[in-house]
Amino acid sequence: ANGIKQTLLGVPADTLANHGAVSEAVAIAMAEGVRKTTGADWGVAVTGIAGPAGGSASKPVGLVHFGVAGPEKSFGFVRLYGASRGREWIRGLSVGDALDQLRLALA
């Protein structure tokens, strides 16, 4: 929810308005917010459309944006998993991809 992204993670309203809740810019802002809010060295965030509904032509079901924020830099990446395997598959694969990118950033 946008309200949680703003109040708990400090995602700027203009970032949400300009890019949409499911975007790389918002995912990076969320990851940076995790770091700031928790005092952690690293933050990871995921925002996407896991379905089964909610997709559009420009943001289809299975579109997931990720953010990773560390002490020296933040970065984002995107995956388009498709909708054929369902919500739980998309969510599970997203967790694995997020943790793998964190692992690579730590290496």
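Residue count for region 8-29 under the criterion of being more than 13 Å from the chain's Cα centre (by Cα) and open to solvent by 70 Å² or more (accessible area, probe 1.4 Å): the result is 4.
Looking only at region 30-63, count every residue that is closer than 21 Å to residue 106 by Cβ and within 13 Å of the chain's Cα centre (by Cα) and tell me the total. Total meeting the criteria: 9.
In a loop (DSSP other than H, G, I, E, B), at negative phi and either touching a residue at least 12 places away in the same chain (Cβ under 8 Å) or open to solvent by 20 Å² or more (accessible area, probe 1.4 Å) (or both): does that describe residue 36? Here the answer is no, as residue 36 does not meet what is asked.
Residue-wise test of (1) small (Gly, Ala, Ser); (2) closer than 21 Å to residue 2 by Cα.
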position: 31; (1), (2): yes, yes
position: 43; (1), (2): yes, yes
position: 51; (1), (2): yes, yes
position: 69; (1), (2): yes, yes
position: 78; (1), (2): no, yes
position: 86; (1), (2): yes, no
position: 94; (1), (2): yes, yes
position: 99; (1), (2): no, no
position: 106; (1), (2): no, no
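Looking at this structure, is residue 5 crowded, with 20+ Cβ neighbours inside 10 Å, on the phi < 0 side of the Ramachandran plot and part of a helix (DSSP H, G or I)? For residue 5, the condition - crowded, with 20+ Cβ neighbours inside 10 Å, on the phi < 0 side of the Ramachandran plot and part of a helix (DSSP H, G or I) - is met. On the stretch given as region 59-107, residues that are in a strand (DSSP E or B), open to solvent by 60 Å² or more (accessible area, probe 1.4 Å) and under 27 Å from residue 41 (Cα atoms) total 2.
For residue 49, state whether it is under 25 Å from residue 89 (Cα atoms) and in contact with a His (Cβ under 9 Å, 6 or more places away or on another chain). No; evaluated as a whole, the condition is false for this residue.
The values are calculated or read from the model by the stated rules, or taken from the named source; none is laboratory data. All values reported here derive from a predicted model rather than from experimental measurement. Positions of Cβ are generated from backbone atoms using ideal geometry, with glycine treated the same way; all protein chains shown enter the neighbour counts. Heads up: the accessible areas ignore ligands, DNA and RNA and are worked out on the full protein's heavy atoms, side chains in. Shrake-Rupley method; radii C 1.70, N 1.55, O 1.52, S 1.80 Å.
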